[in-house]
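The values are calculated or read from the model by the stated rules, or taken from the named source; none is laboratory data. If you're wondering where the values come from, they're calculated on a predicted model, not measured in any experiment. Virtual Cβ from ideal backbone geometry, glycine too; neighbours counted across all protein chains shown. Ligands, DNA and RNA are excluded from the accessible area calculation, which covers all protein heavy atoms including side chains. Shrake-Rupley method; radii C 1.70, N 1.55, O 1.52, S 1.80 Å.
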Amino acid sequence: MNSDSALRREPKRHTIGQGWIWIRTGFDIFNRGMGASVAMIVIWFLVGMLLEQLPAGGFISQLLYMVWGAGWVAVARRGHEGQPLQFADFFAGFRHRLTPLMLGGLMVLTLFMGILLICAFMLHQWGLTGLLSQDPETLTLTPEQAQGFLLCLLLGLALLVPVLMAITFAPALIFFHGVGIWQAARLSFKGCLSNMWPFLWWGLLGAVLIFFGALLMLVGLLVVLPAINYSIYAAYRDIYVDEEAADDGEPPVKAFGFEA
């Protein structure tokens, strides 16, 4: 992890075209271990499905959110350095910084629940909660009720976007740099905000790839999803890592006002 030890003092801004470079780099990393990547995505889904069958499986899945995220960036790091991907790296989050990563997953769960509670409160205030229990086939909405549901949906999306910005790079920052949970969320948000346009382009490209991957009888997702996960690592390095300081072996610096 020494090559990931030097954080920039400020997140590096990129042009919109960098979003495509991140996607392309994700596929380059995927090509360094196609079999391992497919195996990882299959295991990821199977474990998730298995946990959903347990009484507290959903809660456990959320706790492991950043643990799996750390696994993806650990795998991507090896591929980014030109080495073959190693399946064992996918479980690196279980071996290194497990507690803060799980606490990060708890933070994500708390934020998502907060958004749901806010939306539920708004629906209650507008008298729309009773409609949720009705049969969708016989449900009829007045224009005012439809407007209320639309406003609630837009509110939820408006709250969700900054949360996603705060957790995109948090696993990498926690895993590679030992940054605190809330500090990692703040750094992640700041990095995404500084690169809003390339991330918009990255998101549109990713959505198109996922769409076509799903059309290929879902088989395409075995390629697309790992590549997109790897592209997050590529974006993390471009935005946060000071390559020159890392190559020179300099000690970590105070990044964004925090100890790295």
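So which pairs qualify, if the first residue must be in region 21-32 and of a type in the set (A, V, I, L, M), the second must be open to solvent by 60 Å² or more (accessible area, probe 1.4 Å), the Cβ gap must be under 7 Å, and the two must be at least 6 apart or on different chains?
Once the first residue is of a type in the set (A, V, I, L, M) and sits in region 21-32, its partners that are open to solvent by 60 Å² or more (accessible area, probe 1.4 Å) give ILE29/HIS80.
Going through region 1-18 one residue at a time, which ones are assigned to a helix (DSSP H, G or I) and either at pLDDT 95 or above or open to solvent by 60 Å² or more (accessible area, probe 1.4 Å) (or both)?
Across region 1-18, the qualifying residues are ASN2, GLN18.
Within region 55-77, does at least one residue satisfy the condition of being under 26 Å from GLY220 (Cβ atoms), over 17 Å from the mean Cα position of the chain (by Cα) and of a type in the set (Lys, Arg)?
No, there is no match, as no residue in region 55-77 is under 26 Å from GLY220 (Cβ atoms), over 17 Å from the mean Cα position of the chain (by Cα) and of a type in the set (Lys, Arg).
Any residue in region 148-171 that's farther than 11 Å from PHE112 by Cα: show its pairings with residues that are among the basic types (Lys, Arg) and open to solvent by 10 Å² or more (accessible area, probe 1.4 Å) at Cβ separation under 8 Å, as long as the two are six or more apart or on different chains.
ALA166/ARG186
Of the numbered conditions (1) of a type outside the set (Asp, Glu); (2) modelled with pLDDT under 90; (3) within 25 Å of PRO84 (Cβ to Cβ), ALA245 satisfies every one except a single condition; which is it?
Going through the list (1) of a type outside the set (Asp, Glu); (2) modelled with pLDDT under 90; (3) within 25 Å of PRO84 (Cβ to Cβ), ALA245 breaks only (3).
Out of region 195-204, which residues are part of a helix (DSSP H, G or I), under 13 Å from ALA234 (Cβ atoms) and over 15 Å from the mean Cα position of the chain (by Cα)?
PRO198
Just to be sure I understand, how many residues within region 215-231 are touching a Phe, Trp or Tyr at 6+ places or on another chain (Cβ under 7 Å) and closer than 20 Å to PHE90 by Cβ?
Number of matching residues: 6.
Results for (1) in contact with a Gly (Cβ under 6 Å, 6 or more places away or on another chain); (2) in a helix (DSSP H, G or I); (3) open to solvent by less than 80 Å² (accessible area, probe 1.4 Å); (4) without any contact (Cβ under 8 Å) to a residue 12 or more places away in the chain, shown as yes or no for each residue.
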{"position": "ILE41", "(1), (2), (3), (4)": "no, yes, yes, no"}
{"position": "GLY48", "(1), (2), (3), (4)": "no, yes, yes, no"}
{"position": "GLY69", "(1), (2), (3), (4)": "no, yes, yes, no"}
{"position": "GLN83", "(1), (2), (3), (4)": "no, no, yes, no"}
{"position": "GLY93", "(1), (2), (3), (4)": "yes, yes, yes, no"}
{"position": "LEU103", "(1), (2), (3), (4)": "no, yes, no, no"}
{"position": "PHE121", "(1), (2), (3), (4)": "no, yes, no, yes"}
